[in-house]
Amino acid sequence: MELYLKGFLIACKGIPATVGVSLFAIILGAALGLLLALARQSRSKLLKGVSSVYVDIVRGTPMVVQALIMAYGVPQLLQSNGVPFKWPELVIPAMLVCALNSSAYMAEVVRSGLQAVDKGQMEAARSLGMPKKMAMKLIIIPQAIRIILPAFCNEFVTLIKETSVLSFVGVIEITRRGALWNSQSFETFPAYIGVAIAYMILTIPLTKIIGRYEKKRASKEA
Amino acid sequence: MAMIEIKDLKKSFGSNEVLKGIDQSVEQHEVLCIIGPSGSGKSTMLRCINHLEEPSSGEIYIDGELVTEENIDRVRTKMGMVFQQFNLFPHMSVLDNLTCAPINVKGVSKAEAEEKAKALLERVGLAEKVNEFPRSLSGGQQQRVAIARALAMDPEIMLFDEPTSALDPEMVGEVLDVMKSLAREGMAMIVVTHEMGFAKEVADKVIFMDGGYIVEQGAPQDVIGNPQEARTQDFLSKVLI
């Protein structure tokens with residue numbers, strides 16, 4: 001039993017890194033996702049094309065590969081072209097990859113949210129003399145945010161779990177802590193059970209909160 | 001000079017021509033009611049006036065100024081629009097619904113906008129609802145708030161797109177009463193409506209539309225009371241039971 005507790009406590013030391021990376025990634029990812037979604041709705045063919053190609057690339061490749069490219073591939077490419085570049089901390093490319101990855105998924109979430117806002121809302125705003133951008137900012141986006149909040153939190157839960165692949169590029173988050181202890185102690189089962197529980201204490205409460213919010217919203221609208 | 005002048009307005013959706021050449025004008029203080037069967041183009045005409053639908057061809061002048069995509073935001077502030085589905089902003093209180101556009105579009109101070117909003121709510125009989133949210137109001141109350149929201153921009157003319165069609169029958173009266181009092185105060189209005197009683201009582205001019213054309217127009221007692229065209233007669237015989 002003691003071994004399991006130890007495994008859990010060691011894994012918990014990785015929580016700040018996991019949560020930090022996830023938080024940074026979700027915030028930057030949401031902002032980028034909003035821009036991507038707006039680009040996709042815009043009249044410009046170029047913006048539309050760029051955003052849809054970006055989404056296809058990110059969704060069509062595994063995050064661990066993206067992380068390897070960003071963490072090791074990019075510095076190597078730059079160095080071989082004579083640019084002395086090195087990530088000061090591996091956690092930086094890790095955060096960026098998570099954010100870029102998340103943005104592609106958030107773009108879809110945001111797009112569906114924007115589309116779910118009644119068409120009459122834009123018309124009412126425009127009929128009051130609001131330019132399109134102002135109407136988006138004051139009327140459409142605030143309503144879309146309420147609609148996508150559950151999906152946004154679900155993406156956060158997914159992201160927390162997915163950051164585990166960052167252990168491959170050497171970020172010392174929850175999974176990496178467990179793996180390191182395992183390689184010292186060979187207590188494989190307690191080490192990874194501890195890792196699993198550490199993830200669960202993050203994800204399960206969040207999932208419950210989302211469920212409650214969705215229920216509340218549903219009853220409000222009925 | 002006419003307040004609104006519509007010249008040879010045409011509108012197509014794809015290959016479907018909904019408006020086939022409309023000429024019409026509205027004077028200051030004039031109340032124009034548009035009647036006709038669904039699909040006749042009456043709502044499309046109204047929506048073309050403030051470019052919620054972009055006309056396929058033809059010209060619309062507001063106060064003698066040609067409406068274009070460039071000046072539309074400014075021109076729209078002269079026109080209040082009331083929709084069938086109210087389209088109140090559900091994430092804002094009633095007060096914020098009324099002050100949002102004056103503050104952000106016209107640059108009115110918050111205090112001034114709120115004072116005006118409260119006076120307008122008083123006028124539509126909803127002063128006590130100032131801090132409520134739209135979802136807690138009945139349909140009739142929501143539509144009265146929507147009218148007040150449009151009035152908050154000090155429009156010169158009000159456009160109503162079937163304002164009572166989505167309401168339960170017992171709530172139609174309260175909305176029509178607000179519209180009648182607006183007309184009495186001299187507000188110019190264009191009203192797309194199926195309420196023949198209202199048109200007869202309030203309109204200075206009624207136009208009957210069918211198939212994308214204005215079929216018949218004139219004083220309400222003539223168009224509704226004694227229609228000359230067969231299509232008008234046919235339509236009225238179905239709605240006036």
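The values are calculated or read from the model by the stated rules, or taken from the named source; none is laboratory data. No experiment lies behind these values; they were computed from the predicted model shown. Note that we place each Cβ from the backbone using ideal geometry, even for glycine, and neighbour counts take in every protein chain shown. When the accessible area is computed, the model is the full protein with side chains, heavy atoms only, and any ligands, DNA or RNA have been set aside. Shrake-Rupley method; radii C 1.70, N 1.55, O 1.52, S 1.80 Å.
Sort out which residues of region A:42-81 are over 19 Å from A:Ala25 (Cβ atoms), of a type outside the set (Gly, Ala, Ser) and in a loop (DSSP other than H, G, I, E, B), and write them in order of number.
A:Arg43, A:Asn81
Filter region A:113-125 down to the residues that are more than 7 Å from every other protein chain (Cβ to nearest Cβ), open to solvent by 10 Å² or more (accessible area, probe 1.4 Å) and part of a helix (DSSP H, G or I) and list them by number.
Passing the criteria: A:Leu114, A:Gln115, A:Ala116, A:Lys119, A:Met122.
Being among the hydroxyl-bearing types (Ser, Thr, Tyr), more than 14 Å from chain B (Cβ to nearest Cβ) and farther than 18 Å from A:Leu23 by Cβ is the requirement here; does A:Tyr105 meet it? First the steps, then the outcome.
Working: among the hydroxyl-bearing types (Ser, Thr, Tyr): yes; more than 14 Å from chain B (Cβ to nearest Cβ): yes; farther than 18 Å from A:Leu23 by Cβ: no.
Here the answer is no, as A:Tyr105 does not meet what is asked.
Being over 20 Å from the mean Cα position of the chain (by Cα) and within 13 Å of chain A (Cβ to nearest Cβ) is the filter here; which residues of region B:56-84 pass it?
B:Glu69, B:Glu70, B:Asn71
Scan region B:91-108 and give yes if some residue there is away from every other protein chain (no Cβ under 12 Å) and modelled with pLDDT under 95, otherwise no.
no
Run down A:Ile210, A:Ile141 and say which single residue is at negative phi, within 14 Å of chain B (Cβ to nearest Cβ), in contact with a helix residue (DSSP H, G or I) (Cβ under 8 Å, 6 or more places away or on another chain) and touching a residue at least 40 places away in the same chain (Cβ under 8 Å).
A:Ile141
Take residues that are loosely packed, with under 15 Cβ neighbours inside 10 Å and tell me which of the helices (runs of 4 or more DSSP H) falling wholly in region B:122-216 contain 2 or more. Write out each step before concluding.
Numbers: elements: B:139-151, B:169-184, B:196-202.
Where helices (runs of 4 or more DSSP H) fall fully within region B:122-216 and carry at least 2 residues being loosely packed, with under 15 Cβ neighbours inside 10 Å, they are B:169-184, B:196-202.
Looking at region B:80-110 only, could you name the residues that are part of a loop (DSSP other than H, G, I, E, B) and touching a strand residue (DSSP E or B) at 6+ places or on another chain (Cβ under 8 Å)?
Start the filter on region B:80-110 by keeping residues that are part of a loop (DSSP other than H, G, I, E, B), which leaves B:83-93, B:107-109.
Scanning region B:80-110 gives B:Phe83, B:Gln84.
Mind telling me which of the residues B:Glu162, B:Glu174, B:Glu156, B:Glu128 ends up being more than 18 Å from the chain's Cα centre (by Cα) and over 23 Å from A:Gln143 (Cβ atoms)?
B:Glu128
Given the structure, is A:Ala71 over 15 Å from A:Thr163 (Cα atoms) and open to solvent by less than 30 Å² (accessible area, probe 1.4 Å)? Give the derivation first.
Details: over 15 Å from A:Thr163 (Cα atoms): no; open to solvent by less than 30 Å² (accessible area, probe 1.4 Å): yes.
The answer is no for A:Ala71.
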